[in-house]
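The next block holds one structure in the form of structure tokens; read it before the comments.
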Number of protein chains: 2
Amino acid sequence: MATLLHYPLCAFSRSIRLALVECGFEAELAEERPWEWRRAFIELNPAGTVPVLVTDEHGPISGTYPISEYLADTIDERDPRGFQLFPGEPPARAEARRLVDWFHRKFYDEVTSYLVDEKVFRRFGPQSASPNMEAMRAGHDNLRYHLTYIGHLADTRSWLAGEALSFADLAAAAHLSVLDYLGEVPWEEFEAAKNWYALLKSRPSFRPLLQDRVAGFTASETYADLDF
Amino acid sequence: MATLLHYPLCAFSRSIRLALVECGFEAELAEERPWEWRRAFIELNPAGTVPVLVTDEHGPISGTYPISEYLADTIDERDPRGFQLFPGEPPARAEARRLVDWFHRKFYDEVTSYLVDEKVFRRFGPQSASPNMEAMRAGHDNLRYHLTYIGHLADTRSWLAGEALSFADLAAAAHLSVLDYLGEVPWEEFEAAKNWYALLKSRPSFRPLLQDRVAGFTASETYADLDF
């Protein structure tokens, strides 16, 4: 069986965990702590980042972008339900990819890197200092702008990228789920975004994420609550 | 005809310009200065970044990742030569995408953002200050590590990702071409990387890039020289 090397509070890893279940691609999970720079892991992925999907058929596939496109590439043969990470015609697929980039790049740079990296990964870094409050404040401000954008998309479409669930929803939900674990999302002020997230949260693919508990980091009270 | 909104010293734009020519996809170029936040441009791409490909058939495609996959998605119908940005079987395609991510994300974060953003885009920013010398030094150090990696790949394979030219080569060459314009690449110390770049530089798709001249930024003496 395939193995996914991941870290529980890594949004990129989470987006792939969601994608694997939605695609019906079975994989065991193995926790990797990328900040430890484990030698065998660096040999597998010289970039030293998670996730890495070690497949039986095609060896290791390193990185969120290659793994998601690999699943899209090979999915037809696997899934009787025909689930597509990038569904529809070329313009719809391009829109889903635009939003994947939005969340995995822009949202990461503007929100996740500030809030999660400061609270979680900084603890394992060389400085091991307490969070930078200025970075945390910028992350909180930017998060509000992004929740407004998510609400706008969710209000005008069935799912973020269009009529069908796509990897864009999974990428966005992955970042928010880590922030939600840390109690950083002001859901009550962003109803449209909250309703969209509630739909994702109740999907079977989300269940394993809601069971994650990481030593040293307490999950927020409503993290696993479907009626948050 | 399609139009590509681009900026001449933007490595992401350049990788798509190369891809368009290699794929035989005709497009006019229109220069966009993303730091001006032109209203009609933000309506086209809310992220406010170049490149954006405005197609006749499918409307605007925003961002390097969506455009490259769009070209890969739609290329079979267009190109009699059958050029593929991600050639081969799933593992080969995943390797090309791993390296695209390497250059468009890691190399960008570690080199281009330091050297090009400091020298070029900073000039148009709100501070408009002179380059941060510490950032420039970090960029130069990281560039040497990346040139070693490129040399290692080029020494063990025909092209960076394997036996065939792929978007990985175009992405890497796009970043290096901007650095080369600014005279920042110590080619003489990295022969394998230089030989690989010379091959790309002599391709017809590269010619338009070598003709770029940007007011206020003098091209290095050997920038357009195929025998550099």
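Considering only DSSP beta bridges with both partners in the stretch A:2-77, what is the antiparallel share in %, to the nearest 5?
On the way: 7 of 12 bridges.
Antiparallel bridges make up about 60 percent of those DSSP assigns within the stretch A:2-77.
The listed residues B:E31, A:E118, once ranked by accessible area (1.4 Å probe) with the largest placed first, stand as B:E31, A:E118. Taking A:F124, B:F190, A:F103 and ordering them by how much accessible surface each has at a 1.4 Å probe, largest first, produces A:F124, B:F190, A:F103. By the helix-only formula, in which each DSSP H run with n ≥ 4 contributes -39500 (n - 2.57) and the sum is divided by residues, the protein assembly as shown has a 222 nm mean residue ellipticity of -14000 deg cm²/dmol. Between identical copies, the spacing of A:P131 label points, each set 7 Å from Cα toward the C-beta atom, reads 3.6 nm from nearest to farthest. Candidates A:A135, A:G162, A:A173 compared by Cα position along the dipole of chain A: farthest toward the positive end lies A:A135, with charges placed on Cβ. Electrostatic tally near A:P131: other residues with Cβ closer than 12 Å to its Cβ, Lys and Arg +1, Asp and Glu -1, net 0.
Could you give the Stokes-Einstein D for the stretch B:90-209 in µm² per second, using the C-alpha Kirkwood radius, 37 °C, 0.692 mPa s?
Values: Rh = 14.9 Å.
It diffuses with D of about 221 µm²/s by this estimate.
Ligands, DNA and RNA aside, A:T64 has an accessible area near 20 Å² when probed at 1.4 Å. Considering all alpha-carbon pairs of the stretch B:161-228, what whole percent are spaced by more than 18 angstrom? For the stretch B:161-228, the share of Cα pairs beyond 18 Å comes to 32 percent. Size check on the stretch A:2-77: the Cα extents along the three principal axes, sorted descending, read 36, 24, 19 Å. For chain B, modelled as a GNM whose springs connect Cα atoms under 10 angstrom apart, the maximal fluctuation among B:G24, B:G59, B:G216 occurs at B:G216. Dividing the radius of gyration of the alpha carbons in chain A by their Kirkwood radius gives 0.95 for Rg/Rh.
Tell me the carbon and sulfur percent of the accessible area for the protein assembly as shown, rounded to whole percent, probe radius 1.4 Å.
48 percent
What you get for the stretch B:76-228, charging only the Cβ of Lys and Arg (+1) and of Asp and Glu (-1), is a dipole of about 340 debye around the Cα centre. Legend: residues in the stretch A:90-125 shielded by at least 20 square angstrom of accessible surface upon adding the remaining protein chains to the isolated chain (1.4 Å probe, heavy atoms) are A:P90, A:P91, A:R93, A:A94, A:R97, A:R98, A:D101, A:W102, A:R105, A:K106. Within chain A, antiparallel bridges make up roughly 65 percent of the DSSP beta bridges whose residues both belong there.
Give the relative contact order (percent, whole number) for chain A; include only Cα pairs under 8 Å separated by 6+ residues.
With pairs under 8 Å counted, the relative contact order is 21 percent.
Direction-averaged projected area, Cα convex hull, the protein assembly as shown: 21.7 nm², rounded to one decimal. Each of B:W35, B:H6, B:Y65 was scored by the projection of its Cα onto the charge dipole of the stretch B:2-77, and the greatest displacement toward the positive side belongs to B:W35; charges sit on the C-beta of Lys, Arg, Asp and Glu.
Of A:T148, B:T74, the residue with the largest accessible area leads and the full order is A:T148, B:T74 (1.4 Å probe). Only protein heavy atoms count here; under a 1.4 Å probe, B:V54 has an accessible surface of about 50 Å². A simple spin-label model places the labels of A:Q211 and B:E43 5.0 nm from each other, with each point 7 Å out along Cα-to-Cβ.
Between identical copies, the spacing of B:R157 label points, each set 7 Å from Cα toward the C-beta atom, reads 3.2 nm from nearest to farthest.
Distances between copies at B:I42, taken between label points 7 Å from Cα along the C-beta direction, are 4.4 nm in increasing order. Placing unit charges on the Cβ atoms only, positive for Lys and Arg and negative for Asp and Glu, gives the protein assembly as shown a dipole magnitude near 720 debye about its Cα centre.
The values are calculated or read from the model by the stated rules, or taken from the named source; none is laboratory data. Nothing here was measured: the structure is a model prediction, and the numbers come from that model. As a convention, Cβ positions derive from the backbone with ideal geometry for all residues, glycine included, and neighbour counts pool all protein chains shown. Keep in mind that these areas ignore ligands, DNA and RNA; they rest on the heavy atoms of the full protein, side chains included. Shrake-Rupley method; radii C 1.70, N 1.55, O 1.52, S 1.80 Å.
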